[in-house]
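Participant: I am attaching a structure below and will ask some questions about it afterwards.
Throughout, read-outs are computed from the coordinates displayed, never taken from laboratory work. For clarity, every value in this text was computed on a predicted model and none was experimentally measured. All Cβ positions, glycine included, derive from the backbone under ideal geometry; neighbour counts span all protein chains shown.
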Amino acid sequence: MPELPEVETIRRQLEPELVGRRIASVDVRDERLTRPVSPREVERACAGRTIDAVERRGKYLLLRLDEGRSLVMHLRMTGNLLLGESAPEVRYLRAVIQLEGGASLLFTDPRRFGTAVVLDDDDLDEYMALRAGVEPLSEGLTAERIGALAEGRRAPLKSFLLVQRGIAGIGNIYADEALWRARLHPLSPAGSMRPEHLERLREGIVGALEAGLDNGGASIDDYRDARGAEGAMQDEFLVHTREGLPCPRCGTEIRRIVLGGRSTYFCPGCQQRLRRRRRRVSGSGRR
């Protein structure tokens, strides 16, 4: 699934190509893309609008349109957004956004899980608040904010990082990479972190995501950028998919486990497994 670095890479490529351009037409070729709204309704809402900005929230890509509307898209597991001239042979085409002047934007998606919805600006903030929490590359991601989100949580750290309403944009790949950088075991209870762990996790998240951006995202399966090119982050993984290889930090063999149905990679040698902190019972002196 494209995560923050992949979606942000696409956003940066699309922005200079789309901003200021007028949408001539939209052709939704798969009704699943816009459910429960009909494709025709989405097509009419976008046609004739000018694209004022291309933005991202978590894993969502937003085309901000004039007259106070936005086309909000999520690539889900296998979606791609391609500039038409970059993709002469397109498979699994789900929608075509035709721009005045001849350029186009193509939504492809082999597994058909991607979504697209048109929202008025008055509804956009509420829609995103339910789906995307703090932006991890913003000043809003502090050790204190992570601590507040994790307080009292018994869920494993890996699962905690995948909750989009907490910290937005992190998926399976960058959760593994962030925890390795933070020297924290993926099975540690989220609420067990102390201030030093919280700061290490913040640094690990930022470092992993910035590495993904620097390398144009990771192309393990279907991901391609807006020009149809593969990213290079898969060649720079420190722990993800490296089962059986030596840890680049301590040399211990990288292990793989399944957590919440997802492959999880970590180093048992240098990623510290925290224990759940027991609460004091007032007046009894017991813990």
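Participant: Please compute the modelled spin-label separation between Ala229 and Ser138, points set 7 Å along Cα→Cβ, answer in nm with one decimal.
Facilitator: For Ser138 paired with Ala229, the spin-label model returns 2.9 nm.
Participant: Mind putting together the pair-distance distribution for the range 143-266? All Cα pairs, 5 Å bins, whole percent per bin, short to long.
Facilitator: 2, 11, 21, 24, 20, 13, 7, 2, 0
Participant: Spin-label point model (7 Å from Cα, Cβ direction): what's the Ala148 to Arg32 distance in nm?
Facilitator: Output for this residue pair reads 3.9 nm.
Participant: Right, another one. Determine the calculated [θ] at 222 nm for the chain from helices alone, applying -39500 (n - 2.57) to every DSSP H run no shorter than 4 residues and normalising by the residue count; nearest 500 deg cm²/dmol.
Facilitator: Helix-only estimate at 222 nm: -8000 deg cm²/dmol.
Participant: A follow-up question, please. So what is Rg over Rh here for the chain, counting just Cα atoms and using Kirkwood for Rh?
Facilitator: Result for the chain is an Rg/Rh of 1.03.
Participant: Given the Cα-Cα distance of Arg44 and Glu100 and 0.36 nm per residue of separation, how much length would full extension add, in nm?
Facilitator: In short, 18.6 nm is gained.
Participant: Now a separate question. Quick one: what do you get for the range 4-129 if you divide its Cα Rg by 2.2 N^0.38 Å?
Facilitator: So the range 4-129 has a normalised radius of gyration of 0.95.
Participant: Note the full-extension length gain between Asp120 and Tyr92 as 0.36 nm times their separation in residues minus their Cα-Cα distance, in nm to one decimal.
Facilitator: This chain segment gains 7.2 nm when fully extended.
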